[in-house]
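The values are calculated or read from the model by the stated rules, or taken from the named source; none is laboratory data. Bear in mind that the values here come from a model prediction, so they are computed numbers and not experimental data. Please note: Cβ atoms are built from the backbone with ideal geometry, for glycine as well, and neighbour counts cover all protein chains shown.
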Amino acid sequence: MFSSFEVIYKFSLQLLLSFWILVWSICSWYGVELAFGISVWQIPTTIIGTLLAVISGVYFYTILSIPYKLSRKFDIIKDKVALESYTRCEDFQKEVADFIIDFFNYPGANVIGGSFHFKDCHKYEFNTGEDINKFKSNSVTKHKLKSGKRAIYIPIMIAEHNLGDMLLIMEGKTLPLFKSIMIDFENYFLDDQLYHVLNSVSRNQSK
């Protein structure tokens, strides 16, 4: 069931997108006549302006939608962590990997596979022929692969503890802000949850 906040949030984004397209269309229509006094170009200019507005609006909508949707959908995994439902780190690793691949299917933020290697886990790979060890770094880095696809390497750390890493395989053009989005995802969603899972699994195995 949608919460009241979610309904308002989605409506506000759709209203903003509609307003953005309308403003671009009006400006395109009257801008040519005001600038050049030539009305013959108004229709083609308006069409081009509207197309640009739609394309840019979709990207703005994507950027503004991701943070809220990410928080809401990842909460299911956070609940399972709090309830100590994961008896193996591999189960958590696979669920996070599947979540990332399923969730990030937006224009400019389309993850189609990846390699995931969390601490104390066997490596999990999906739709990738890349060796994650070739990309190791202390920071989030973007790479262009020989296949023409993009990849983003993400180390997972909390304080001074190294908790593993991920290599995400991207398809199509990637939003410049996607790197920052993944930095925030690792920092505010993933690292502490992985740390809790590692501790709970270790604690339960020692009983």
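Just give me the residues in the range 162-177 being at pLDDT below 95 and β-branched (Val, Ile, Thr), in sequence order.
Correct list: THR174 only.
Listed residues GLY31, GLY49; which is modelled with pLDDT under 75, part of a helix (DSSP H, G or I), in contact with a Ser or Thr (Cβ under 6 Å, 6 or more places away or on another chain) and surrounded by 12 or more Cβ atoms within 10 Å (Cβ to Cβ)?
On the way: GLY31 fails: in contact with a Ser or Thr (Cβ under 6 Å, 6 or more places away or on another chain).
From the options GLY31, GLY49, the qualifying one is GLY49.
I'd like to know if the range 139-146 contains one or more residues that are in the same structural domain as ASN127 (by TED's automatic domain parsing) and at pLDDT below 90. Lay out the reasoning, then the answer.
Applying the first criterion (in the same structural domain as ASN127 (by TED's automatic domain parsing)) to the range 139-146 yields 139-146.
Filter once more, keeping what is at pLDDT below 90: 146.
Yes, some residue in the range 139-146 is in the same structural domain as ASN127 (by TED's automatic domain parsing) and at pLDDT below 90.
I need a count of the residues in the range 152-186 that are farther than 14 Å from VAL96 by Cα and part of a helix (DSSP H, G or I).
The qualifying residues number 6.
Of all strands (runs of 3 or more DSSP E) completely enclosed by the range 95-151, which ones contain at least 1 residues that are under 19 Å from GLU186 (Cα atoms), touching a residue at least 40 places away in the same chain (Cβ under 8 Å) and in contact with a helix residue (DSSP H, G or I) (Cβ under 7 Å, 6 or more places away or on another chain)?
Working: elements: 109-118, 124-126, 141-144.
By residue number, 109-118.
Name the residue, out of TYR59, TYR106, that is at pLDDT below 95 and either more than 16 Å from the chain's Cα centre (by Cα) or not assigned by TED's automatic domain parsing to the domain that holds TYR188 (or both). Step through it out loud before you land on a result.
Details: TYR106 fails: either more than 16 Å from the chain's Cα centre (by Cα) or not assigned by TED's automatic domain parsing to the domain that holds TYR188 (or both).
Unique residue meeting the criteria: TYR59.
Just name the residue that is nearest to the chain's Cα centre (by Cα) out of those in the range 166-183 that are touching a residue at least 40 places away in the same chain (Cβ under 8 Å) and surrounded by fewer than 22 Cβ atoms within 10 Å (Cβ to Cβ). Walk me through how you get there before you give the answer.
Residues of the range 166-183 that are touching a residue at least 40 places away in the same chain (Cβ under 8 Å), as a first pass: 166-175, 177-178, 181-183.
Imposing the further condition that a residue be surrounded by fewer than 22 Cβ atoms within 10 Å (Cβ to Cβ) reduces the set to 171-175, 177, 181, 183.
Details: GLU171: 13, GLY172: 14, LYS173: 13, THR174: 10, LEU175: 9, LEU177: 9, ILE181: 6, ILE183: 10 Å.
Taking the candidates together, the pick is ILE181.
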